[in-house]
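Data block below; observations after.
Just so it is clear, none of the values below were taken in a lab; they were calculated from the coordinates. Note that the structure is predicted; figures quoted are calculated from it, not measured. When we count neighbours, we look across all protein chains shown, and the Cβ atoms used for this are built from the backbone with ideal geometry, even at glycine.
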Amino acid sequence: MPDAAGSDQPASAGGPRIGVLAVQGGFQRHVEHLTEAGAEPVEVRIPADVDGLDGLILPGGESTTITMGIESAGLGPAIQAHHAADLPILGTCAGMIVAGREHLGLIDITTKRNAFGRQLASFEDDIEVEGIVDGSIRAVFIRAPWVESTGKGVEVLAEVREHPVAVRQGTVTALSFHPELTPDNRIHKWFVNACHK
């Protein structure tokens with residue numbers, strides 16, 4: 001795995017191709033962060049867009065709308081094949097919900113939608129995410145879920161108010177918050193490094 005300095009290289013220097021599901025939600029900010037972190041971002045709208053990816057991000061948005069978009073585009077099998085190949089996946093906010101047991105089944109968790117409250121209850125907090133970033137990171141929670149239950153092999157990386165907000169199982173990592181909404185690029189750099197072959 002390359003060091004953090006390698007992740008600052010431009011995409012032309014051989015950065016990994018990382019898809020961002022672009023059927024709905026806040027995918028553009030992920031694209032910008034991935035570019036800054038040295039990856040070659042790919043907006044994923046059809047199954048062919050998943051071919052040859054080194055990693056995939058399922059972004060925030062509205063989980064029901066995202067799920068419907070995945071179904072209407074026929075993206076489910078392509079995403080599951082990416083997962084079956086043990087390629088990295090990062091789900092953020094609604095992407096955490098979509099990745100869970102009740103939807104795509106990429107990670108053995110169940111989630112509670114809008115767990116911290118609706119839009120007016122959105123908040124920020126400084127948290128530590130074990131094994132991903134050193135020190136604390138500013139986390140933005142907007143209509144955020146939390147993890148209600150975890151299956152065998154799911155590692156809890158961070159908690160807020162005694163509820164898991166960052167979990168990992170194998171090559172799938174799911175976050176309740178929006179790492180793309182702050183200038184801090186450490187989570188995207190970590191993911192780019194994880195996607196290097």
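Being within 25 Å of Val31 (Cβ to Cβ), surrounded by 14 or more Cβ atoms within 10 Å (Cβ to Cβ) and among the acidic types (Asp, Glu) is a property that does not hold for Asp108. So, of the residues in segment 88-101 that are outside any strand (DSSP E or B) and in contact with a strand residue (DSSP E or B) (Cβ under 6 Å, 6 or more places away or on another chain), which turns out to be surrounded by the fewest Cβ atoms within 10 Å (Cβ to Cβ)? Here the answer is Arg101. Exactly one residue among Thr35, Thr65 is without any contact (Cβ under 8 Å) to a residue 40 or more places away in the chain and not small (Gly, Ala, Ser), and that residue is Thr35.
All conditions in (1) in contact (Cβ under 8 Å) with a residue 60 or more places away in the chain; (2) under 27 Å from Ala48 (Cβ atoms); (3) touching a Gly at 6+ places or on another chain (Cβ under 8 Å) hold for Leu104, with the sole exception of (1). Selection within segment 149-197: residues that are part of a loop (DSSP other than H, G, I, E, B) and acidic (Asp, Glu). The member of this set that is farthest from the chain's Cα centre (by Cα) is Glu162.
Is there a residue in segment 22-41 that is β-branched (Val, Ile, Thr), assigned to a strand (DSSP E or B) and either in contact with a helix residue (DSSP H, G or I) (Cβ under 6 Å, 6 or more places away or on another chain) or farther than 24 Å from Ile107 by Cα (or both)? Checked segment 22-41: no residue is β-branched (Val, Ile, Thr), assigned to a strand (DSSP E or B) and either in contact with a helix residue (DSSP H, G or I) (Cβ under 6 Å, 6 or more places away or on another chain) or farther than 24 Å from Ile107 by Cα (or both).
Scanning segment 36-48 for residues that are surrounded by fewer than 20 Cβ atoms within 10 Å (Cβ to Cβ) and under 17 Å from the mean Cα position of the chain (by Cα) yields Glu36, Glu40, Glu43, Arg45. Of the numbered criteria (1) farther than 24 Å from Val140 by Cβ; (2) in a strand (DSSP E or B); (3) hydroxyl-bearing (Ser, Thr, Tyr), the one Thr110 fails is (1).
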